[in-house]
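Taking it in order: structure first as structure tokens, then the write-up.
The values are calculated or read from the model by the stated rules, or taken from the named source; none is laboratory data. What you see is a predicted model, and the numbers here were worked out from it, not measured in a lab. No Cβ is skipped: glycine too gets one built from the backbone with ideal geometry, and neighbour counts run over all protein chains shown.
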Amino acid sequence: MLKNKKMQIFIISLIVISLVSSGFGCKCVSKKMKERIKPINLVYWRAQDGKDAFSDIIQSFQKLYPHISITYNLIRPEEYEQALLEAWAEDRGPDIFSIPKNWLGKYQTKILPLKPSQEIIMTRQIMAGTIKKEPKIIEEKKKALNLRDLKEIFVETVSNDVLIDGKIYGLPLSLDVLALYYNRDILNEAGIVSPPQTWQEFINQVRILNLWDAYGNFIRSGVSLGTANNIENYTDILSLLMLQNGTSIVNENGQAVFDQPLLNDNTYFPGQEALRFYLSFASPSQETYSWNEQMPDSVSAFTQGLTAFLFGYSDYLSLIKEQAPKLNFDVTKVPQISSSLKEVNYANYWIETVSKKTKHPYEAWAFVLHATEAQNAKTFIEKAKRPTAHRSLIQSQLEDFDLMPFASSVLTAKTWYQGKKYSLVKEAFQEMIENVLSGQKTIQQAIKYCVKRVNLTN
């Protein structure tokens, strides 16, 4: 009898334990709570870098918010803008998308901006409890970056570029800077010990490196510079020259004024002088003549060993290695006017932003903020081999052989365009260059007409 009673007590105890461990008598996740963590899919569009470069960022975000999935779509660069426009027109656009900084004005109305210090409210499920773990929904209120954060976290140009009317329209994962590529073998053969640091040194080296045949045709060119039709980055290079020599490209109202004289000196027109210097490399009458409109495109000429110098961004690294795996080349910072003057570099980069039509604004911005945090962006730039936009990551990239020239330039990199149609600005710069080379306009006439065309894009 005693044995039976003990057996009954033992069985009842097992049942009680089983019921308790299975949640009997515990609060279950309510319908309301389940609604707050229902599955969400965020669609993310980019035109560069494969999904592998983002795998760590996506995984770390989904670890925090398991109910949120990220669909990453990589679209061909030449098809990207048209794809965006068609998707928006049909209300099937992405929640998060990436655009070049120079497109920001054009697509400002398509973007959901973030107010500095705005609260991002997120919910997620955790297992809580000391004796027994049970599901619990917690609400997190995270503050977005404020203006001081922008300046302290990112390099200087970012806060100037992404803030419009006091609102944040996007954040960068990386920041590219114009640099000077050079053919080591060509410089070695010419007895040039190191690449130029100033423009005067650059001129001296280009004169040595140019080679012609008996008919005056280039056997080898010192640099691809001076034209527009066969140089991809002509607008950026000319903008760099203007910024370096003190040209005010735009005024405080965003109006182009690079045809105007230097402040307090009505006799010196820095914009004209920058244009004159650029054009001199395509003018047969100049000692710097090293390029013309009949030459191949600048990248092909460099990969084929036909030029010693090439101005380009970090994405040229992989392109050149792919097209010319045996080419002995290196990269250095762009020349400056003088080693005693303030250094100026030129930036060109993409920003990650949120669509105005997203149904999940908090979640979309939470992902952008998560992705662009320094520790997360670090995983991206290491895989994608891109220069950093974060101040805290510059030092580590100074030890990277390939990225050092770019990383060492990001703190002094600038941009200037805030208008709505950058493609028309490039057309205006091209027409300005070609009008002078063809003799249709003087430098003064061409630059004034270019300024008028640029101002029509605002």
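Worth a mention:
- Counted residues, region 42-52 - those being assigned to a helix (DSSP H, G or I) and acidic (Asp, Glu): 1
- Just one of the listed residues (Asn328, Asn233, Asn251) is surrounded by fewer than 17 Cβ atoms within 10 Å (Cβ to Cβ), polar (S, T, N, Q) and out of contact with any helix residue (DSSP H, G or I) (no Cβ under 6 Å at 6 or more places or on another chain), namely Asn251.
- As a summary of the residue check, Gly216 satisfies the conditions (1) out of contact with any strand residue (DSSP E or B) (no Cβ under 6 Å at 6 or more places or on another chain); (2) on the phi < 0 side of the Ramachandran plot; (3) of a type outside the set (S, T, N, Q) except for the one numbered (2).
- Filter pass, Ser221 being surrounded by 20 or more Cβ atoms within 10 Å (Cβ to Cβ), under 26 Å from Glu322 (Cβ atoms) and more than 25 Å from the chain's Cα centre (by Cα): yes
- Candidate set from region 160-189 (those that are free of Cβ contacts under 8 Å to residues at least 60 places away in the same chain and of a type in the set (A, V, I, L, M, F, W, C)); member that is nearest to Tyr417 (Cα to Cα): Leu163
- Verdict on Lys110 being touching a Lys or Arg at 6+ places or on another chain (Cβ under 7 Å) and either free of Cβ contacts under 8 Å to residues at least 12 places away in the same chain or among the charged types (D, E, K, R) (or both): yes
Residue-wise test of (1) in contact with a strand residue (DSSP E or B) (Cβ under 7 Å, 6 or more places away or on another chain); (2) farther than 18 Å from Asn292 by Cβ.
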site: Gly191; (1), (2): no, yes
site: Pro196; (1), (2): no, yes
site: Ile203; (1), (2): no, no
site: Arg220; (1), (2): yes, no
site: Asn230; (1), (2): no, no
site: Thr235; (1), (2): no, yes
site: Leu240; (1), (2): yes, yes
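- Of the numbered criteria (1) of a type in the set (Val, Ile, Thr); (2) under 26 Å from the mean Cα position of the chain (by Cα); (3) surrounded by fewer than 19 Cβ atoms within 10 Å (Cβ to Cβ), the one Ile208 fails is (2).
- Boolean, Gln260 is in a helix (DSSP H, G or I), over 21 Å from the mean Cα position of the chain (by Cα) and assigned by TED's automatic domain parsing to the domain that holds Met295: no
Residues checked against (1) surrounded by 18 or more Cβ atoms within 10 Å (Cβ to Cβ); (2) part of a strand (DSSP E or B):
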| position | (1), (2) |
| --- | --- |
| Phe54 | yes, no |
| Ile57 | yes, no |
| Thr71 | no, yes |
| Glu78 | no, no |
| Gln82 | no, no |
| Leu85 | no, no |
| Trp88 | no, no |
| Arg92 | no, no |
| Phe97 | yes, yes |
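- Qualifying residue in region 271-279 (condition: in the same structural domain as Pro195 (by TED's automatic domain parsing) and part of a loop (DSSP other than H, G, I, E, B)): no
- Taken across region 432-450, residues that are polar (S, T, N, Q), surrounded by 18 or more Cβ atoms within 10 Å (Cβ to Cβ) and in contact (Cβ under 8 Å) with a residue 12 or more places away in the chain do occur, with at least one present.
- Restricted to region 414-437, and to residues there that are under 16 Å from Tyr346 (Cα atoms) and of a type in the set (D, E, K, R), the residue that is farthest from the chain's Cα centre (by Cα) is Lys426.
- Looking only at residues of region 395-409 that are crowded, with 17+ Cβ neighbours inside 10 Å and closer than 17 Å to Ala377 by Cβ, we find that the one that is farthest from the chain's Cα centre (by Cα) is Gln397.
- Selection within region 263-280 - surrounded by 22 or more Cβ atoms within 10 Å (Cβ to Cβ) and either touching a Phe, Trp or Tyr at 6+ places or on another chain (Cβ under 7 Å) or of a type in the set (Val, Ile, Thr) (or both): Gly271
Residue by residue, here is whether (1) under 20 Å from Gly170 (Cα atoms); (2) in contact (Cβ under 8 Å) with a residue 12 or more places away in the chain; (3) among the aliphatic types (A, V, I, L, M) holds:
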residue: Asp49; (1), (2), (3): yes, yes, no
residue: Tyr65; (1), (2), (3): no, yes, no
residue: Tyr72; (1), (2), (3): yes, yes, no
residue: Leu104; (1), (2), (3): yes, yes, yes
